[in-house]
Amino acid sequence: MTTLYGTSQSRAPRSLWALEELGVKYNHVPTGVPETRTPEHLKRNPNGHIPVLEDGGQHFWESMAINLYLAEKYGKAPFWPASVADRGHAYQWSFWAMTEVEPHLIAILMNKLFLPAEQRSEQAVSNAAAALKAPLGVLDGHLKGRQYLLGNDFTIADLNAASVLSLAAYVQFDISGTPVAKAWYDKCLARPAFQKARAMK
């Protein structure tokens, strides 16, 4: 049985979304942060983080790696691209989201919600919001004339990038200044598989 360990208060929903899109039969074990330091969980992921995927007798961690593994093992074209070039672009946009977008959204999240009040910085929030303008501009420009990142079809690239950007709604970061990207984002997050994943514990 394929099993995913993690909760909605982590990066696990992006992997739950992938499982739902792929139609994989799986077991979801809600695993919170306090449980990630138990000996049992550390056997799954010695880093003590979530999510963790158990599949085929093996454990996989790092949510983006999990998603790319799932797409390659269980996906078919167009969700998992057929050509090497398109798969390369799927990797590209997945890593782009993790390196160019997520750190700034995490900075906003920490300084708005998670850090103790005395450690929060409005300047850090402003700096992160300003830093997001460039990558969002890149996304907006790329999507002009396209339905999705690789063309006319929703792929793992869209799922991975949109899952990172979904944090924007949580921290109330407005991306309407890049309307093409915003329309793509809304379309991705309206998918039933995302809605189901986000509703899980």
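Between Asp140, Asp174, Asp158, the distinction of being in contact (Cβ under 8 Å) with a residue 24 or more places away in the chain, more than 22 Å from Glu62 (Cβ to Cβ) and out of contact with any Pro (no Cβ under 6 Å at 6 or more places or on another chain) belongs to Asp140 only. The test for being within 24 Å of Leu53 (Cβ to Cβ) and buried (at least 19 other Cβ atoms within 10 Å of the Cβ) holds for Phe79.
What are the residues in segment 1-42 that are assigned to a helix (DSSP H, G or I) and without any contact (Cβ under 8 Å) to a residue 12 or more places away in the chain, if any? Break it down stepwise before answering.
As a first pass, look at segment 1-42 and keep what is assigned to a helix (DSSP H, G or I): 12-22, 33-37, 39-42.
Selection gives Pro34, Glu35, Arg37, Pro39, Glu40, Leu42.
Taking into account only those residues within segment 170-201 that are in a helix (DSSP H, G or I) and of a type in the set (Lys, Arg), which is farthest from Pro135 (Cα to Cα)?
Among those that are in a helix (DSSP H, G or I) and of a type in the set (Lys, Arg), it is Lys196.
With a requirement of 2 or more residues that are modelled with pLDDT of 95 or more, touching a Leu at 6+ places or on another chain (Cβ under 6 Å) and of a type outside the set (S, T, N, Q), the helices (runs of 4 or more DSSP H) lying completely within segment 73-169 that satisfy it span 84-96, 102-109, 156-165. Residues in segment 93-115 that are surrounded by fewer than 17 Cβ atoms within 10 Å (Cβ to Cβ), closer than 20 Å to Leu136 by Cβ and free of Cβ contacts under 8 Å to residues at least 40 places away in the same chain: Phe95, Thr99, Pro103.
The values are calculated or read from the model by the stated rules, or taken from the named source; none is laboratory data. The model shown is predicted, which means the values in this text are computed figures rather than measured ones. As a convention, Cβ positions derive from the backbone with ideal geometry for all residues, glycine included, and neighbour counts pool all protein chains shown.
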